[in-house]
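Heads up: the structure comes next, in structure tokens.
The values are calculated or read from the model by the stated rules, or taken from the named source; none is laboratory data. The model shown is predicted, which means the values in this text are computed figures rather than measured ones. Every residue, glycine as well, gets a Cβ built from its backbone with ideal geometry; the counts of neighbours run over all protein chains shown. Each accessible area value is taken on the protein alone, full model and side chains, heavy atoms only, with ligands, DNA and RNA left out. Shrake-Rupley method; radii C 1.70, N 1.55, O 1.52, S 1.80 Å.
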Amino acid sequence: MGKQILKKDADYVAWVRSLSERYQSSQIKAAVSVNCEMLGFYWSLGRDIVAMHAESRWGSGFFKELSHDLRSEIPDAKGFSPRNLLYMKQFYELFPAEGEIAPQLVAQMGQQDNPEVAPQLAAHLDEGLSPAQNLAVGSELFSIPWGHVRLIVDKCRGNRDKAEFYVREAVQNGWSRSVLMNYLDTDLYERQGKAITNFGKALPAPQSDLAQEMTRDPYQFDFLTIRKDYDEKELKDALMENISQFLMELGTGFALLGREYRLKVGETEQWVDLLFYHAKLHCYVVIEVKATDFKPEYVGQLGTYVVAVNHILKADADEPTIGLLVCKSRDNVVAQYALEGASQPIGISEYELSKLIPEDYKSSLPTIEEIEAELRDA
């Protein structure tokens, strides 16, 4: 009877629910803290290997020997394989000094009990944070899993700016390991923000910078399998059939509102190829995909759609609508000239495909209509 009364008590039910949420939150915080500490240790171990010139000092079998000795000393610990130890060294070499702690103080972290060092180090440490957490002050490096770090080390060795880009994007967008691997393989760092645009002229700051960063050039449509002599409809159909991968390639923040989106303009109807809303930019984005080379008249057509969306859909709280034209290829000079004469914010990018099937292969595949006919006759 008492149990039933408790279950009907709203305050009790709410309290139990809040306890569950607090417990889950504490588990997440604990996991983050453990990950931070582990990466901090890995980083410091890599620092020690470099500082002691361990490989040249103890020979080519150093990593194998260290792996064996660490496993003997710490039998319950994992992660001390020779390969992982090499990654720790490369991790430090890629990020030799992190956060707001001066490099010389980072090197002194192992001497915290030294009475001459401790006061100086303490002055640079945030109260309540561990050495590993303080090492990450002002940085997101120690927030990502070790598997992410290894991928970044493999792909960005010797290029810290590139590595920091992937760390920042992985943390801010919550990338899984497979998503990170995809963006590393498709060279997102080299493509991000590279579209030819007139955003600097047509948009106020800071939206112009944010909009530019939203673009990519070229867009990688390698997730599509399409016949060699495809037309525009087939390309758009393929993109819609692979909408998850398409949205991932566009980037975080895009929400699809519709394909062939109808707009009533005066006595006519205008059909927008692809209409999106960008959650971070707080604006509509009109995307036109062309299966041909760039033509200047495409800018005028897209500009008309952008103006129509501004008049018909845009609310006072929304930022100005942006147009993005994605073509098979473009002449950069012609594209720049076309944008100079455009008043609306428009970007022009190319796209790339790799999985093209022969033209005659398509005829051997049954169409949806043929499959439906077969089912009706069965």
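Determine the gain in length on full extension of the stretch ALA255-GLN172; use 0.36 nm per residue of separation and subtract their C-alpha separation, reporting nm with one decimal.
The ALA255-GLN172 span can extend by a further 28.1 nm.
Quick check: net charge around GLY251, other residues with Cβ under 11 Å of its Cβ, Lys/Arg +1 and Asp/Glu -1? Walk me through the numbers on the way to the answer.
On the way: positive: ARG191, ARG216, LYS280; negative: GLU169, GLU213, GLU249.
With Lys, Arg at +1 and Asp, Glu at -1, the net is 0.
FRET efficiency for the ASN159 to MET248 pair, using the beta carbon distance and R₀ = 30 Å, is estimated at 0.80. Computed over protein heavy atoms with a 1.4 Å probe, the accessible surface of region 240-333 works out to 47 Å² per residue. In order along region 42-50, the Karplus-derived 3J(HN,Hα) couplings, from 6.51 cos²θ - 1.76 cosθ + 1.60 at θ = phi - 60°, round to 4, 4, 5, 5, x, 4, 5, 4, 5 Hz, and Gly and Pro are given as x.
Over all distinct alpha-carbon pairs, what is the Kirkwood Rh of region 222-299 in angstrom? Final number for the Kirkwood radius of region 222-299 is 14.0 Å. Surface analysis of region 17-99 yields an accessible area of 62 Å² per residue, using protein heavy atoms and a 1.4 Å probe. Roughly what would the spin-label model give for ARG83 and THR268, points 7 Å off Cα along C-beta, in nm? It is 6.1 nm.
Using the Cβ atoms and a cut-off under 15 Å, what net charge is assigned to the surroundings of ASN310, where Lys and Arg are +1 and Asp and Glu are -1? Mind showing how you got there, number by number?
Details: positive: LYS264, LYS314; negative: ASP316, ASP318, GLU319.
After counting each charged neighbour, the total is -1.
Other residues lying with their Cβ under 13 Å from the Cβ of TYR189 contribute a combined charge of -1, Lys and Arg counting +1, Asp and Glu -1. Ligands, DNA and RNA aside, TYR277 has an accessible area near 60 Å² when probed at 1.4 Å.
Annotation for THR292 and GLU234: the two label points, set 7 Å from Cα along the Cα-Cβ direction, are 1.7 nm apart. Here SER72 and GLU340 are evaluated by their C-beta separation; at R0 = 45 Å the FRET efficiency comes out at 0.05. Legend: calculated FRET efficiency, MET38 to ASP331, from the Cβ-Cβ distance at R0 = 41 Å, rounded to 0.05, equals 0.20.
Residue-wise HN-Hα couplings along region 228-243, as the Karplus relation 6.51 cos²θ - 1.76 cosθ + 1.60 with θ = phi - 60° gives them from phi, are 4, 9, 6, 10, 5, 5, 4, 5, 5, 4, 5, 5, 5, 6, 10, 4 Hz; Gly and Pro carry x.
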